[in-house]
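Laboratory data are not the source of any read-out in this text; all were calculated from the coordinates shown. Treat the numbers as computed from the prediction; the structure is a model and nothing was measured. So basically every Cβ, Gly included, is an ideal-geometry build from the backbone, and we count neighbours across all protein chains shown.
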Amino acid sequence: MPTDAAKEPMSKSYAPSDHESRIWDKWMASGAFHADPSRVLSSEAQPYTILIPPPNVTAALHLGHALNNSIQDILIRAHRMKGYETLWMPGTDHAGIATQTMVDKKLKEAGKPGIADYKKMELEGKPGREEFLKLVHDFKDEYEARITDQLQKMGCSCDWDRQRFTMDDICARAVREAFFQLFKDGLIYRGKRLVNWDPVTQTALADDEVEMEDVEGFFWYMKYPVVDASGNETGEFVTVATTRPETFLGDTGVAVNPDDPKHKKFIGQRVKLPFVNRIIPIIGDDYVVMADPNSSDSKAQYASGFLKVTPAHDPNDWMIGQRHDLEVINIMAPDASISDTHGWEDVGDAQQFVGLSREDARIAIEKAFDDAGLLEAKKPYSHAVGHSYRSHAAIEPYLSDQWYCKVSDDKLRGNAQRAVRPDQRTEKSIKDWPESRPKMVAENSTDGSMSFFPARYTKTYETWHDNLRDWCISRQLWWGHRIPVWHKRYDLTTDEALDLCASEVDEVMETYWPDQFCIVKNAETGADISLKELFIPTGKNSTQILREGVVDVYICDIRENASCWENDGFKQDPDVLDTWFSSALWPLSTMGWPDAAAAKDSSGIEDFESMLSAFNPTSLLTTAREIITLWVSRMAMFNRYFLGENEQPGKAPFKDVFIHAMIQDGEGRKMSKSLGNGVDPLDIIHSHGADAMRFTLCQMTTQTQDVRMPVEHDKSTGKNTSPKFDLGRNLCNKLWNAAKFSMMMLEKNPIEPGMPIDPQELTLIDRWMLSRVVDATNKINTAQRSYMFKDYADTIYDLFWRDFCDWYLESIKPTIADNPNQRAVLRLVFEAIIRLMHPVMPFITETLSERFADIPMREITGFNFAQTRTNETLCQSGWPEPIDELRDEVAEDAYERVRSLVSTIREIRAQSQVAPKRKIVLHATGSLADDITRWSPLVETLAGVESITADSPDGQAASFTFEGAEYQLSNLADALDEGAEKDRLEKELATIEKSIKGIEGRLANPGYTDKAPAHLVQQTRDQLAGLEKDRDATKSALEKLG
RNA sequence: GGGCUAUUGGCGCAGUUGGCUAGCGCACCAGUAUGACACACUGGGGGUCACAGGUUCGAGUCCUGUAUAGCCCACCA
């Protein structure tokens, strides 16, 4: 039913804001975006599914999001029209550290208490955590609403009834279940490791949350005295080179390369750490780079040959320490100040440094060494240092207890690797895989269903997995999924504790399984203790302790009432999970895993229980390339792990992964807040319209990794924009006007109902136009399948603007009123064009569809549309599926000749400065006179020709050649400028002769005629013959001029 | 340090297995109120395809090297 708005006369130009919100409401009311899993399960329709990469709730969407989501919507809409049951699952991500930091910052800016104040409250026993999280929730609600609004303004046809948030109840249930299963299977463990510690936000960061920045620093050369067996200085010194002198307090060894001819003699000796007076060994380790001032390796240039080893404060040193069983001494507090209360006891004479920040300690230590004559040198040195991507503070490698996910296990990493389609793998055969890469279960397994587009990104995915280390999943934050583990330390020598512990474990083992799982660790060594080693059942409900000592008991419990452990003195782990842990579960949690019934209850969505089987695996994931490791890989691991059955891994969560380009500004820089070069999608929607933005973004999306968008600052609005979007705006306006014109034609002379029209009965121009639609449809289908978005945009642009507007509409002007079949063609072709355009430009096409709703369509045999649920709105209508027989080569060739003749005549008109309105006469006396006469209506209309005659001109005339013959045009002007005519023909002749020369040269080369394919050589010969005819005709025309 | 991408008229980009005179949009020049569109129409000018070698009958396209720009990854002596 057309609305009133659709009845109003069409405006002179297209104004997006007059239509977009009305169309959006219409779509929402129609339920067009709601996916019905039952149609998939009953095989009525094939599924097509995309999960939105959930945007962080930290900020409004930027142009990169606009690009990514336009791409998704284009594919979703196209598949909906092709008859697929489409699901585009929307949602947002809680973005743990980013959101918490953002809220803290905003609170501080508003002069309100920040997280530090709430932490204080917590220490005072007040509910600081709870209060702070309320504020974060408010912030999240605000931004989630903003993001949703933005996506809807862009026209994103997500299934909005199913919108998820990574921390809502349904997702939280999935997170707890996943954590529990991994915990139970031994794939989550607690470990003391060096983590990337952000001393400002005081949390551990994942490797990928650390940004490397080049820093202008120094190399310090510090002298350590060598001591003899009894600890007395021998008078010799070794000089260690370091960029971090402050960590010397934690040195527990000095390493030398065992192949170092100059220094290897020191191996086995010992040195005394200045001030601390700790005696530490000199060890041999081939990690150490030997000093070589002439080396191209900057490390060798700066190295002294001696490497100080600080296992607690450097990842490399940690590994050296592990190899040589060195002591691990942590000398810092969590805020990165020097501390003697976090594991450092032998302070010795170094008390002066305790309490200093790491920066101040560096200065103090340099001075102390210098004063003591122990600083040999200090040289400037530029190197990369990790910084927190949030606080931008330098990362401190810091020893702490964290939860890890054992992603290096073959069940996770291996299955993620094997998910890649075999012919995309860089090593084609599994046998060729590097030693580090997990092996296939079997060459012929069902693995390998996931493809990357462009394929080169497979390599990124593979190499990342090759070098994968276990994933630190705990974060010392408040905003996130709380780790479902309760901890209590027991002294097993105390009877009371022993009884309690025994009863707890007993309960865990027998009563509550499988909702809880328990691990026990030796509190001193951190070693795991098997429950069976620890307790032995001695009868019903009683156990006997087998060992003594102090143990840490960790209970993982995912029941709703798990806080009951607190009554027994257990405490829940204060940490939350890395954001990517819940993101990794996105293909599962959004589909109701693990408990669809519960998801149904909490969401009220009836068909939740069919979702997983209908829509997982999904069809496509589109994302930015930096997310391949953070997200794509982890989703692959988790989907395969949790959906596996009977030792067989589940499927990859998506068939295709499309990595889109990154939008840079005109200078090739990343768009960012700090550079102020970002463009807000809403601003563009406001100034150009959503469709214009979408078309332009689609048109820019090539297979390269970066695309540039020149940014201009509009002083009148104070906003950034880009002239690139004019392209889309102009196209919308052109479409609007072409529609207005077509409608005028069709309303003046209505389409007559009747039997389907046989295409053979149509005129040349109509058959040509239908043929162009068929060709474009095929090209678009191919472009969509291969994610060539620019090809799609260019094809639709050319079909509509070049073929339909420039040639078809111009050609039919004189005949449409009298030709009912032509009106049927116009109506159908217009319909096909707006349907082909709709996925890219949904609002304007839906608007036009409303307006054309009253103009009936008469069928043309073979010009079909796909079957869909309904044709109620354009977005649900069927995709054009014309049969291949409508591709009419004869009509295409013939019309190509008409166009060529018209262009030639137009060129002469322009060059001879014929007044645009002047009607000229074409004298077709040559060999093609019959053809030209048959085309006369077209040629007359398009080239401004009054009449075509077989008579020779009796007055002045301009000659031209067409397809090797000579023709004349007369009545060009009241008095023809013969000199100008001569110039024109001479220029023409020169061009032809130049071409002939080139072709003759090629044919004279025996290498070409002998070795090039025969059809190519023949083609060249034909071309030469044609050019020779043109040359002769032009010459003859020139001769007539005298 | 490793990997990847780009370099084509003033600007932004196509050019998929090597094959007619290298295309498109914007901008530019000339003309135009023509049954919708000046956000338009018609015609035109402008490129030794970053550079140097090589393979080939033939290279923007393949190979090698160089330069420049950018991105991603990497345990900070």
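How would you classify region A:110-174 from its alpha-carbon gyration tensor, with a ≥ b ≥ c the square roots of the eigenvalues: rounded for a/c under 1.5, else prolate if a/b is greater than b/c, otherwise oblate? It would help to have the intermediate numbers written out before the result.
Values: a/c = 5.65, a/b = 2.00, b/c = 2.82.
Here region A:110-174 falls in the oblate category.
Return the distance in nm (one decimal) between the two label points of a simple spin-label model at residue A:977 and residue A:952, each offset 7 Å from Cα along Cα→Cβ.
2.8
Just need the Rg to Rh number for region A:20-158, please, alpha carbons only, Kirkwood Rh. Please report the intermediate quantities before stating the final value.
Details: Rg = 19.8 Å, Rh = 17.4 Å.
Taking Rh as the inverse mean 1/r over Cα pairs, Rg/Rh reads 1.13.
Any idea what angle helix A:764-785 forms with the longest principal axis of chain A, computed on alpha-carbon atoms, 0 to 90 degrees, nearest 10?
10
How far apart, in nm, are the 7 Å Cα→Cβ label points at residue A:903 and residue A:286?
If labels sit at residue A:903 and residue A:286, their model points lie 6.8 nm apart.
Which FRET efficiency, nearest 0.05, do residue A:866 and residue A:755 yield, Cβ-Cβ r, R0 22 Å?
Numbers: r = 23 Å, r/R0 = 1.03.
Computed FRET efficiency for residue A:866 and residue A:755 comes out at 0.45.
Residue-wise, which Karplus ³J(HN,Hα) couplings in Hz belong to region A:127-137, taking 6.51 cos²θ - 1.76 cosθ + 1.60, θ = phi - 60°, and x for glycine or proline?
x, x, 4, 4, 5, 5, 5, 4, 5, 5, 4
Order these by the 10 Å Cβ neighbour count, fewest first: A:42, A:339.
On the way: A:42 10, A:339 17.
The most exposed by this proxy come first: A:42, A:339.
Could you list A:387, A:19 in order of exposure, starting from the residue whose Cβ has the fewest other Cβ atoms within 10 Å?
A:387, A:19
Give me the distance between the Cα centres of region A:661-681 and region A:790-835, rounded to whole Å.
If we compute the Cα centre of each part, the gap is 38 Å.
Counting only the backbone N, which residues of region A:374-403 are under 11 Å from the spot 7 Å out from the Cα of residue A:243 toward its beta-carbon?
A:381-387
Sorted by packing (mean other beta-carbon atoms within 10 Å per residue), highest first, where do A:893-904, A:64-75, A:113-124 land?
My ranking of the peptides, most packed first, is A:64-75, A:893-904, A:113-124.
Under the rule of at least 5 residues apart or a separate chain, name every residue whose amide H is placed under 5 Å from the amide H of residue A:492.
A:549, A:550, A:551
Can you tally the net charge around residue A:617? Count Lys and Arg as +1, Asp and Glu as -1, for every other residue whose Cβ sits under 12 Å from the Cβ of residue A:617.
Working: positive: A:640, A:651, A:655; negative: A:656.
Around residue A:617, the surrounding residues sum to +2.
How large is the helix-only mean residue ellipticity at 222 nm for chain A, computed as the sum of -39500 (n - 2.57) over DSSP H runs with n ≥ 4, divided by its residue count, in deg cm²/dmol to the nearest 500?
Calculated mean residue ellipticity at 222 nm is -12000 deg cm²/dmol.
Taking every DSSP beta bridge with both residues inside chain A, roughly what % is antiparallel (nearest 5)?
Beta bridges within chain A, antiparallel portion: roughly 75 percent.
Using DSSP to define loop residues, name the GluC sites (Glu not before Pro) in region A:19-101 whose beta-carbon has at most 15 other beta-carbon atoms within 10 Å.
Passing both the DSSP loop test and the Cβ count: A:44.
Averaging over every viewing direction, what projected area does the convex hull of the Cα atoms of chain A cover, in nm²?
The orientation-averaged projected area of the Cα hull of chain A comes to 57.9 nm².
Please label the shape of region A:53-101 as rounded, prolate or oblate, based on the square roots a ≥ b ≥ c of the eigenvalues of the alpha-carbon gyration tensor (a/c under 1.5 means rounded; beyond that, a/b larger than b/c means prolate, else oblate). Display every interim value, and only then the final one.
Values: a/c = 5.77, a/b = 2.32, b/c = 2.49.
Cα axes put region A:53-101 in the oblate bin.
Compute the signed sum of charges (Lys and Arg +1, Asp and Glu -1) over the other residues within less than 11 Å, Cβ to Cβ, of residue A:851.
Net of charged neighbours comes to -3.
Once you have a ≥ b ≥ c as the square roots of the Cα gyration tensor eigenvalues for region A:225-288, tell me rounded if a/c is under 1.5, and otherwise prolate or oblate according to whether a/b is larger than b/c.
oblate
Distance between the C-alpha centers of region A:900-966 and region A:60-74? Whole Å please.
50
PRE reach from residue A:602 (point 7 Å along Cα→Cβ): which of region A:145-178 fall under 18 Å by backbone N?
A:161-178
Hey, what angle do you get for helix A:889-911 against the long axis of chain A, alpha-carbon based, 0 to 90 degrees rounded to 10?
Helix A:889-911 and the main axis of chain A meet at about 80 degrees.
What angle, in degrees between 0 and 90 and rounded to the nearest 10, separates the Cα long axis of helix A:358-371 from the longest principal axis of the Cα atoms of chain A?
Taking Cα atoms only, the helix is inclined about 60 degrees.
Give me the extension gain from residue A:192 to residue A:349: residue separation times 0.36 nm, minus the current Cα-Cα distance, reported in nm with one decimal. Display every interim value, and only then the final one.
On the way: separation 157, 0.36 × 157 = 56.52 nm, distance 2.88 nm.
Answer, rounded to one decimal: 53.6 nm.
How long is the gain from residue A:1019 to residue A:522 if the chain were fully straight, where each residue apart is worth 0.36 nm and the alpha carbon distance is subtracted?
Taking residue A:1019 through residue A:522 to full extension adds about 170.5 nm, to one decimal.
Provide the FRET efficiency to the nearest 0.05 for the residue A:595-residue A:141 pair, computing r from the beta carbons and using R0 = 22 Å.
With R0 = 22 Å, the Cβ-Cβ based efficiency is 0.30.
Using 7 Å Cα-to-Cβ label points, what is the residue A:883/residue A:741 separation (nm, one decimal)?
So the label points at residue A:883 and residue A:741 sit 3.2 nm apart.
So how do A:47-55, A:327-335 stack up, highest first, on mean other-Cβ count within 10 Å?
Order by mean packing, descending: A:47-55, A:327-335.
Calculate the FRET efficiency for residue A:466 and residue A:123 from the Cβ-Cβ distance with a Förster distance of 60 Å, rounded to the nearest 0.05.
With a Förster radius of 60 Å, E is 0.85.
Tell me, in nm to one decimal, what length is gained between residue A:647 and residue A:202 on full extension, where the rule is 0.36 nm per residue of separation less the Cα-Cα distance?
That pair, residue A:647 and residue A:202, stretches by 156.2 nm at full extension.
Within region A:629-701, report the GluC sites (Glu not before Pro) that DSSP leaves as loop and that have at most 14 other Cβ atoms within 10 Å.
Within region A:629-701, the qualifying GluC sites (Glu not before Pro) (loop, at most 14 other Cβ atoms within 10 Å) are A:647, A:667.
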